Amino acid sequence: CFLNFEYFETKIQNNTLTHKLINIFERLNKLKKIDLIFCISIFLFLIISQNKYLNFETIDWDIHTYLVSARDASSNLPLSRQWESKPPLFFYIVNLLMLLSNRNLIIFKLLNDFVLLVPALFIYFTVRKKTESSSLSTASALLFLMFLSNTWSNVGYSEIYVLVFLSASFYINNNFNSNISSFNIGFTLALASLVNIGSLIFVIGMIVSTIYNNFKSNSYFYKLAYMALGLFIPHAIFFIIY
């Protein structure tokens, strides 16, 4: 998203109206509470874009399958009585949202908006840290939400929940460089894999990133060890339970 809008901004900066708008963004950037203003704007856009299908009870049968499977988590271990292709933590998250919504489908969908808000804000603050640009960071978050505003990417899919943990690990990787942060990266990646197993592919990227960022100091081995420990603990807990 950042690269797309960096290219977009470069191409249109000669446009007078757009150039003025960008200047306004950058002036607002100097205000003390600008992050709060833009975060509220992102949330309002999320509410509008995500809830245009709120009056449809069924968009995809998969969502209802997950709801039925998650009900079992209240009294039994997920996957112990029926098969599903998702790991167990996913059903605990869905079950928690069902309990909070008192099994009301509309409230359940609205609560999922807050789930989607988390990766949107992580995108905002990640790009903000890298560019110090309110226009790029806000545009990146809004583009992300626009991609997820169509029928096949609305709330309720495991891919939405997994983004919470993936965006957290990405944010930590870009802003911290200690052994504890490496542990936290591994821990969040482990939680992501317990929501959607396909997210394990991001472990490869984090390993490469850790080696690259710490190659000169030769500290990458210790950081990888801490990351491996973070990856191990959540899986060990579920392995012991089952």
Of all accessible surface on segment 196-241 at a 1.4 Å probe, what whole percent is carbon and sulfur? 78 percent
Vicinal HN-Hα couplings computed from phi for segment 215-226 (Karplus, 6.51 cos²θ - 1.76 cosθ + 1.60; Hz; Gly/Pro x): 5, 5, 8, 6, 9, 5, 5, 5, 5, 5, 5, 5
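Can you pull the semi-axes for segment 68-192, root of five times each eigenvalue of the Cα gyration tensor, sorted largest first, whole Å? Intermediate values should be presented prior to the final figure.
Values: eigenvalues 170, 77, 23 Å².
Ellipsoid semi-axes (Å, largest first): 29, 20, 11.
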Could you rank the peptides 113-122, 172-181 by their average count of other C-beta atoms within 10 Å per residue, with the highest value first? 113-122, 172-181
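The values are calculated or read from the model by the stated rules, or taken from the named source; none is laboratory data. Predicted, not measured: the structure shown is a model, and the values here were computed from it. Virtual Cβ from ideal backbone geometry, glycine too; neighbours counted across all protein chains shown. Each accessible area value is taken on the protein alone, full model and side chains, heavy atoms only, with ligands, DNA and RNA left out. Shrake-Rupley method; radii C 1.70, N 1.55, O 1.52, S 1.80 Å.
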